[in-house]
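The values are calculated or read from the model by the stated rules, or taken from the named source; none is laboratory data. Keep in mind that this is a model prediction, so the values were computed, not measured. Neighbour counts are summed over all protein chains in view; Cβ atoms, including those assigned to glycine, are modelled from backbone coordinates with ideal geometry. Remember, those area values only see protein heavy atoms, side chains included, never the ligands or the DNA or RNA. Shrake-Rupley method; radii C 1.70, N 1.55, O 1.52, S 1.80 Å.
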Amino acid sequence: MVDSQWIVSAAHCFVQPISTSDFLVNLGAYQLSVPTGILSTVSAIYIHPIYTHPGSSGDIALVKLSQPVPYTDYVMPICVPTQDLQFPAGLSCYVTGWGSIQEGVSLPSPQTLQMVQLPIIDRAACDALYHTNNPTLGVNTTVIQWDMICAGYPNGRQDACQGDSGGPLACQWDGSWLLAGVVSWGFGCAIPNRPGVYTRVTAYSDWIQQYIPQFQQTPAIIVPPDTTNGSVGPSPFLILPLILLALLTSKL
């Protein structure tokens, strides 16, 4: 959530034609088997016009709630950085979601929100990783496009997974959370040389503000990279108020 009535998600989460009545947004959820979040219907969904298919550029969407929701200790907005902000390689950020805990293994009940800490990977370095042991790609083929950002480890280890799509890649700075990316695509889960790929939110900061002119983008100077190793496990409950998470659910 970037405003009391707006959610940022991934375009590939929505199949054309889109019917807003098919979706509910669950705000502030922690354990999906324990209904504690705020449910909201949807009034509009906007897909970026350059998006064409999973893995393409423009994999970002804006979801407008039917009514503004009140902020609580567990429902708060995350900051959208300005387009000139560069997230440096090695910066430690967080991905959160209710997706599979490994490829083909669903999150077991009570479906507790999961969090993984991952370092940002330079776009050129990430593109080189995707060319490793991939003879079908030509040397001049660009895999990681201009509007994408990667996070993870060259040897795999930790990653987002199926079911995490549209979720936040959030980086903390000076007490605030910045939305660096949106879970977009990848090759399997935590596979060596195939880190997770995210839509780079700074590439679409101005597009977001076209729909939400009242909110202020957040300029920032990122601190030096934190090279602390990440860890996989349930997201600490106290961190949830800082990163607003919205579960978008199809009612079909």
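Which of the residues belonging to segment 88-107 are outside any loop (DSSP other than H, G, I, E, B), more than 26 Å from Ile212 (Cβ to Cβ) and open to solvent by 40 Å² or more (accessible area, probe 1.4 Å)? Selection gives Gln102, Val105. Per the listing Gln172, Gln162, the residue uniquely within 25 Å of Glu103 (Cβ to Cβ) and touching a residue at least 12 places away in the same chain (Cβ under 8 Å) is Gln162. Out of curiosity, is Gly138 open to solvent by less than 30 Å² (accessible area, probe 1.4 Å), farther than 27 Å from Met1 by Cβ, over 14 Å from the mean Cα position of the chain (by Cα) and of a type in the set (Gly, Ala, Ser)? Against the criterion (open to solvent by less than 30 Å² (accessible area, probe 1.4 Å), farther than 27 Å from Met1 by Cβ, over 14 Å from the mean Cα position of the chain (by Cα) and of a type in the set (Gly, Ala, Ser)), Gly138 does not qualify. Filtering segment 192-215 to residues that are open to solvent by 30 Å² or more (accessible area, probe 1.4 Å), modelled with pLDDT under 95 and either in contact with an Asp or Glu (Cβ under 8 Å, 6 or more places away or on another chain) or closer than 12 Å to Leu169 by Cβ (or both) leaves only Gln214. Kindly check whether there is at least one residue in segment 109-128 that is surrounded by 13 or more Cβ atoms within 10 Å (Cβ to Cβ), assigned to a loop (DSSP other than H, G, I, E, B) and of a type in the set (A, V, I, L, M, F, W, C). Yes: one or more hits.
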